[in-house]
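Trainee: Got a structure for you, written out below as structure tokens; questions coming shortly.
The values are calculated or read from the model by the stated rules, or taken from the named source; none is laboratory data. Quantities reported herein were computed from a predicted structural model and do not represent experimental measurements. A quick note on method: Cβ atoms are made from the backbone with ideal geometry, for glycine too, and the neighbour counts reach across all protein chains shown. All accessible areas refer to the heavy atoms of the entire protein, side chains included, with ligands and DNA or RNA removed. Shrake-Rupley method; radii C 1.70, N 1.55, O 1.52, S 1.80 Å.
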Amino acid sequence: MDNSSQIIEASHILQSGGVVAFPTETVYGLGANVFNTEALKHIFHIKKRPVDNPLIVHIASLDMLPALVTHISPYNQKLIDHFWPGPLGIVFPKSNLIPDIVTAHLDTVVIRFPSNRIAQELINTCGFPIAAPSVNPSGKPSSTHHDHVKDYFGDHVFVIEGDASSIGIESTVITTLDNPRILRQGAVTQAELEQVLGIPLDNTSETLHLPQSPGMKYPHYAPNAPIHLVAIQDDILDIITTYTKQGYTVGALVSSEIYHHLPDSVIGFDLGSRDNYQTLSARLYNGLHFFDSSPVTLIIAESFQPIGMGVALMDRLSRAASNTPI
Ligand code: AMP
Ligand code: MG
């Protein structure tokens, strides 16, 4: 589909201080001009986002970077050279041009250069970087399709109707400013980052238990029905049968291997083969959105091996399940 007229319309909205939703390869973003404080306030208002949860700044050319940061360290330069454009947000010391509302008054800023063509065209048409969090009411699953944006915000938010997000979970966020570590898990894995940086990242238990990144302390990705995440060694079909007998209308968020064995009374969502982490991740939020428009009263979710991209997948699944009362 040719999105050029929607990109132009969106750029006019952004230039006149509005917000728009646009596709990226990770999830859809809700963007505003990074230099326009009033426009940025709308993002927080629309999402009901806590003001201490900072936004990621999106650029579409390396020429946009020097105005936003005070320094590019050799480690950050390696990350830029290797991973941009792509699903990696990098922490930099921020310049004075970035309003405090973007970074929640931190002296650092996370910057990302998305690979999605529409996101790049939008930013380049505007001529300014776009600050954007995911498009969802705070705490709810991110949007990976323009239909999700419409389900959440109807006509209140203009959305560029690009393809479904190919990665489907939010970017990896890394800092190298103090002890180099991952602040948020994503499609770029720890092993890939360590290989490029040539050093081990800090994931000692002390650092893992600190709130890794402002914003990650908030509840995240929760669909309407509670989620029960089944431990990898437990028999998920047994557990589904038990809850069905207790009177729950059960939704099953599972791999194809399990999906094909579900009892008829269960509403299933097929995440794809258990061995294909790309597909599992790309379908995860679709599954959560699907259950939000179904009558399920409990979602039983399968666990996956936390290997490679499985680390980010299990991070999102366990956060989505963290408010579950059962
Ligand atoms: P969202 O785009 O909704 O996934 O939110 C962006 C996330 O990026 C925030 O919730 C933080 O976890 C992270 N982030 C943004 N800015 C910073 C920063 N300066 N330092 C550390 N993490 C950040
Ligand atoms: Mg978000």
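Here is a yes/no grid of residues against (1) β-branched (Val, Ile, Thr); (2) within 11 Å of ligand 1 (Cβ to nearest atom); (3) closer than 24 Å to Met64 by Cβ:
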{"position": "Ser115", "(1), (2), (3)": "no, no, yes"}
{"position": "Ala119", "(1), (2), (3)": "no, no, yes"}
{"position": "Thr125", "(1), (2), (3)": "yes, no, yes"}
{"position": "Pro129", "(1), (2), (3)": "no, no, yes"}
{"position": "Pro133", "(1), (2), (3)": "no, yes, yes"}
{"position": "Ser138", "(1), (2), (3)": "no, yes, no"}
{"position": "Pro141", "(1), (2), (3)": "no, no, no"}
{"position": "His146", "(1), (2), (3)": "no, no, no"}
{"position": "Asp155", "(1), (2), (3)": "no, no, no"}
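Trainee: Next question. Kindly check whether there is at least one residue in segment 8-19 that is within 16 Å of ligand 2 (Cβ to nearest atom) and at pLDDT 95 or above.
Mentor: Here is the first cut: in segment 8-19, the ones within 16 Å of ligand 2 (Cβ to nearest atom) are 19.
Within this subset, residues satisfying the condition of being at pLDDT 95 or above are 19.
Checked against the condition, which is being within 16 Å of ligand 2 (Cβ to nearest atom) and at pLDDT 95 or above, segment 8-19 yields at least one hit.
Trainee: Only one residue in Ala131, Ala119 is in contact with a helix residue (DSSP H, G or I) (Cβ under 7 Å, 6 or more places away or on another chain), modelled with pLDDT of 95 or more and not aromatic (Phe, Trp, Tyr), so which one is that?
Mentor: On the way: Ala119 fails: in contact with a helix residue (DSSP H, G or I) (Cβ under 7 Å, 6 or more places away or on another chain).
So the residue among Ala131, Ala119 that is in contact with a helix residue (DSSP H, G or I) (Cβ under 7 Å, 6 or more places away or on another chain), modelled with pLDDT of 95 or more and not aromatic (Phe, Trp, Tyr) is Ala131.
Trainee: Let me ask something else. Out of Gly215, Gly162, I need the residue that is in a loop (DSSP other than H, G, I, E, B), touching a residue at least 12 places away in the same chain (Cβ under 8 Å) and near ligand 1 (Cβ under 9 Å from one of its atoms). Which one?
Mentor: Working: Gly162 fails: near ligand 1 (Cβ under 9 Å from one of its atoms).
Result of the check over Gly215, Gly162: Gly215.
Trainee: Based on what the data block shows, is Thr207 at pLDDT below 95, part of a helix (DSSP H, G or I) and among the hydroxyl-bearing types (Ser, Thr, Tyr)?
Mentor: The answer is yes for Thr207.
Residue-by-condition table, conditions (1) open to solvent by less than 30 Å² (accessible area, probe 1.4 Å); (2) touching a residue at least 60 places away in the same chain (Cβ under 8 Å); (3) small (Gly, Ala, Ser); (4) away from ligand 2 (no atom under 15 Å from the Cβ):
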residue	(1), (2), (3), (4)
Thr24	yes, yes, no, no
Val27	yes, yes, no, no
Val57	yes, yes, no, no
Pro74	no, no, no, yes
Phe83	yes, yes, no, yes
Gly89	yes, yes, yes, no
His105	no, no, no, yes
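Each row is one residue, and each column tells you yes or no for (1) open to solvent by 30 Å² or more (accessible area, probe 1.4 Å); (2) assigned to a helix (DSSP H, G or I); (3) of a type in the set (Asp, Glu).
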{"position": "Glu121", "(1), (2), (3)": "yes, yes, yes"}
{"position": "Ala131", "(1), (2), (3)": "no, no, no"}
{"position": "Ser138", "(1), (2), (3)": "yes, no, no"}
{"position": "Thr144", "(1), (2), (3)": "no, no, no"}
{"position": "Val149", "(1), (2), (3)": "no, yes, no"}
{"position": "Glu170", "(1), (2), (3)": "no, no, yes"}
{"position": "Val173", "(1), (2), (3)": "no, no, no"}
{"position": "Val188", "(1), (2), (3)": "no, no, no"}
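Trainee: Moving to a separate point now. For segment 226-234, does any single residue satisfy the condition of being farther than 29 Å from His71 by Cβ, within 16 Å of ligand 2 (Cβ to nearest atom), in a loop (DSSP other than H, G, I, E, B) and open to solvent by less than 10 Å² (accessible area, probe 1.4 Å)?
Mentor: No, because not a single residue in segment 226-234 is farther than 29 Å from His71 by Cβ, within 16 Å of ligand 2 (Cβ to nearest atom), in a loop (DSSP other than H, G, I, E, B) and open to solvent by less than 10 Å² (accessible area, probe 1.4 Å).
Trainee: Residue check: is Asn3 open to solvent by less than 50 Å² (accessible area, probe 1.4 Å) and farther than 30 Å from Arg283 by Cα?
Mentor: On the way: open to solvent by less than 50 Å² (accessible area, probe 1.4 Å): yes; farther than 30 Å from Arg283 by Cα: no.
So Asn3 fails the test.
Trainee: Could you list all residues from segment 137-172 that are away from ligand 2 (no atom under 16 Å from the Cβ), under 23 Å from Ser4 (Cβ atoms) and small (Gly, Ala, Ser)?
Mentor: Correct list: Gly162, Ala164, Ser166.
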